[in-house]
1. Looking only at the chain, where both bridge partners belong to it, what percent of the DSSP beta bridges are antiparallel (to the nearest 5)?
2. Give me the Å³ per residue figure for the convex hull around the C-alpha atoms of region 159-287.
3. Could you run the Debye sum over the Cα atoms of region 12-88, one equal point scatterer each and no solvent, and tell me log10 of I(q)/I(0) at q = 0.12, 0.26, 0.28 Å⁻¹, two decimals?
4. Mind telling me which of 46, 96, 11 comes out most flexible in a GNM of the chain, alpha-carbon contacts under 10 Å?
5. Give me the percent relative contact order of region 12-88, please, defined on Cα pairs under 8 angstrom at least 6 residues apart.
6. Divide by every residue of the chain the summed helix terms, -39500 (n - 2.57) for each DSSP H run of at least 4, and state the resulting mean residue ellipticity at 222 nm, rounded to the nearest 500 deg cm²/dmol.
7. I'd like the per residue volume of the convex hull spanned by the Cα atoms of region 62-148, given in cubic angstrom.
8. Output the Kirkwood hydrodynamic radius of the chain, Cα pairs only, in Å rounded to one decimal.
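Every number here is computed from the coordinates shown, using simple stated rules; none is lab data. Since the structure is predicted, the reported quantities are computational estimates derived from the model, not experimental observations.
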Ligand SMILES: Nc1ncnc2c1ncn2[C@@H]1O[C@H](COP(=O)(O)OP(=O)(O)OP(=O)(O)O)[C@@H](O)[C@H]1O
Ligand SMILES: [Mg+2]
């Protein structure tokens, strides 16, 4: 007869630690002895969580957000000091790792974005704001598809809004310093815009721009550039980034949330219209910039040398021919006929059977922010405690339910 247990044992052996930036937790590849399989165990210290009620919050949120573009949870368990979340092991790692290896082509950027947006749309439809969308929190499946992960900061919305006082500085949305919370899903749209920006301009571009801020006056300086919209710098993009894509980025990154897209689906639909310059790989090496594209057996290459001279070559079967060097050639549409997978989002939008979930567009709210609110938000930000790398806690003394 089946004897029910209240408590059972889970056995696993650590294989190795992964995730260099896992500052809220430690992630390990482990051998699960019951399943006889390698999985990932995310270990979170109980003392880092405000109350026992919240121990399994991240695991519950992940479980409730099940979707093909959200990392699935296998199970969650605890010991005396830790909470563990068991996840499938994604051997392709994070989007950040891929971006550190090489720049993505525009086609890859659009495809990855549409997958990620599909995951974001799903969590928004379930009333959640993620609050920590960044390339290291996007994992890649064996087929290279993007899955949103790390729900450590996710919050349930109430009447379309949620409070959040724990933020990762490089990806803080400007509303944090322009009046403060509560925030709506356009916070995630902004953070998605930053992922898109980094995919186009290079993984390290935000780090470089943050490095130019005054280290002695870091938080006030960051508050200023966030509020005036000069961080991140949206004035220059690599030449091959099509205008339509630039416009999507700029709109996602608007300082005023009312000027952003109202939903993840709207962003995906705008991206589906990007059809120019899809397959160039942008390479920056030793002061030289080049764009490479494989066309059948021919490799096409534009090169801008350190001295500013340009060259356009086509190499086939070991023979290289020089061509007229015009950077404009990068935008030659005739080379870009293949469709982008992302376009199917258009169909999804018009198919009520597929998308029966409730509408997830944030209402345009022109909330009036008083001077006192602005002053308080700014002072919360500039007086925040920086911990664990570049995470900040805005109001550490508030009870966790109010943050
Ligand atoms: N299932 C997985 N498969 C492969 N790698 C993973 C997996 N889960 C996490 N990682 C790696 O470990 C890192 C840290 O995991 P996660 O983001 O969930 O934790 P975190 O402590 O909240 O991180 P951070 O503080 O950097 O946001 C990820 O960025 C990723 O590189
Ligand atoms: Mg993370």
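1. Of the beta bridges lying entirely in the chain, close to 100 percent run antiparallel.
2. 115
3. -0.33, -1.35, -1.40
4. Its mean-square fluctuation being the largest, the pick is 11.
5. Relative contact order for region 12-88 comes out at 26 percent.
6. -8000 deg cm²/dmol
7. In region 62-148, the Cα hull volume divided by residue count equals 113 Å³.
8. 22.9
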